[in-house]
1. Tally the residues that are surrounded by 15 or more Cβ atoms within 10 Å (Cβ to Cβ) and within 17 Å of Y47 (Cβ to Cβ), restricting the search to the range 79-98.
2. For residues that are closer than 19 Å to D49 by Cα and of a type in the set (D, E, K, R), scanning just the range 20-34, find the one that is surrounded by the fewest Cβ atoms within 10 Å (Cβ to Cβ).
3. Anything in the range 54-77 that is in a loop (DSSP other than H, G, I, E, B) and either among the hydroxyl-bearing types (S, T, Y) or closer than 16 Å to S98 by Cβ (or both)? List them, or say none.
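Bear in mind these aren't lab numbers, they're just calculated from the coordinates by the rules spelled out. A quick note: this is a predicted structure, and the numbers were derived from the prediction, not measured. Note that each Cβ is placed from the backbone with ideal geometry, even for glycine, and that neighbours are counted across all protein chains shown.
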Amino acid sequence: MVFMIFLCYYGRMTPQEFIKKRPYLIWYTQNFDHLSNEAIIEAVLNYGDFEDVKKIISILGIKKAARIFQKQLGHWRVNYNPQTINYFKLYFKKYASSA
């Protein structure tokens, strides 16, 4: 029952509402409503704990989160540290490909 309430609650939340409740993840702005999903994913994967990661994935879906992450890795400048890149490459390879 609690799990279903968790999914329903976070399923209707937008990424902007999610990040607004966690301003410590994006400290450089107060304008959370105009943040892109890409900026939110980057902040959560870089600075969030695993509960934050699970929540943003439940909001966006694992395939969409994985696509955003992979797209960001294709840019000339990447803002992820090497350990984060390695971990989430493996994570999304295992869980997003089977979803």
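1. Adding up the residues that qualify gives 5.
2. By that ranking, first place goes to K21.
3. G61
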